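J.: For reference, the structure I am asking about is given below.
The values are calculated or read from the model by the stated rules, or taken from the named source; none is laboratory data. Computed from a predicted structure; not experimentally measured. Cβ atoms come from the backbone with ideal geometry, glycine included; neighbour counts cover every protein chain shown.
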Amino acid sequence: ALPISASLRQRYPHIPIIGMEPALLPALSVSKNPRILVLATAATLREEKFALLRKKCEKNATVMALSAPGIVRLVEAGLADSPEMDAYLRTLLAPLPAAPDAVVLGCTHFPFARAALRRVLGNVPLFDGAAGTARELRRRLSKESSLAPQGTVGGVTLTASAPRSLPLFLRLYEK
């Protein structure tokens, strides 16, 4: 995502382009020296930005990272809250040496699997980057005086390069 966002920022300097990053820093708050599990895509785990963030956090935590492509596949198949997701997560997490104190959801698809993660992991705190991304968007829009006036209703436009994906996006959005 980083090379794409850099290219888009150059091409559209007047449009704020905000990337998401795994919520590792907030996950540090769960305990002293926590064991943090990052579930992400292989691409996210390969990014230099993630490596730097992980290194920074490993001063105060044990950070384990797992690529979880099956979550994306199951969410896109409409099986985010299903026995198939539970089975996938159990298999994925079985090799962990110890239960995590916190789990970071490092992909935009992964919050849709929260219910399954709770069934498999119990009441482990789950962190995702959505709140931080929303705060950054608000900060930037406010800085540019581009926030909608108080009391007005905003809107959401769903677009996709593959129109056949729109019914899935709408179903996920309505959850």
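J.: Considering the range 116-151 alone, what residues qualify as being of a type in the set (Gly, Ala, Ser) and in a helix (DSSP H, G or I)?
T.: Selection gives 116, 130, 131, 132, 134, 142.
J.: Are any residues in the range 131-151 at negative phi, of a type outside the set (Ser, Thr, Tyr) and either out of contact with any Leu (no Cβ under 9 Å at 6 or more places or on another chain) or loosely packed, with under 10 Cβ neighbours inside 10 Å (or both), and if so, which ones?
T.: Answer for the range 131-151, where residues must be at negative phi, of a type outside the set (Ser, Thr, Tyr) and either out of contact with any Leu (no Cβ under 9 Å at 6 or more places or on another chain) or loosely packed, with under 10 Cβ neighbours inside 10 Å (or both): 131, 134, 135, 136, 137, 139, 140, 143, 144, 149, 150.
J.: Scanning the range 106-127 for residues that are farther than 19 Å from residue 168 by Cβ and among the charged types (D, E, K, R), which turns out nearest to the chain's Cα centre (by Cα)?
T.: Ranking the qualifying residues of the range 106-127, first place goes to 118.
J.: Pick out the one residue from 66, 105, 45 that is touching a strand residue (DSSP E or B) at 6+ places or on another chain (Cβ under 8 Å), part of a strand (DSSP E or B) and under 21 Å from residue 5 (Cβ atoms).
T.: Going through 66, 105, 45 in turn, just one is touching a strand residue (DSSP E or B) at 6+ places or on another chain (Cβ under 8 Å), part of a strand (DSSP E or B) and under 21 Å from residue 5 (Cβ atoms): 105.
J.: Take the conditions within 19 Å of the chain's Cα centre (by Cα), of a type outside the set (Val, Ile, Thr) and either surrounded by 10 or more Cβ atoms within 10 Å (Cβ to Cβ) or not in a helix (DSSP H, G or I) (or both) and apply them to residue 154. Does it pass?
T.: Criteria not met by residue 154.
J.: Here's something else I'd like to know. Six or more apart or on different chains, Cβ atoms under 7 Å: show the pairs whose first residue is in the range 1-28 and small (Gly, Ala, Ser) and in a loop (DSSP other than H, G, I, E, B) and whose second is modelled with pLDDT of 80 or more and surrounded by 11 or more Cβ atoms within 10 Å (Cβ to Cβ).
T.: 23/104; 23/127; 23/128; 23/129; 23/132
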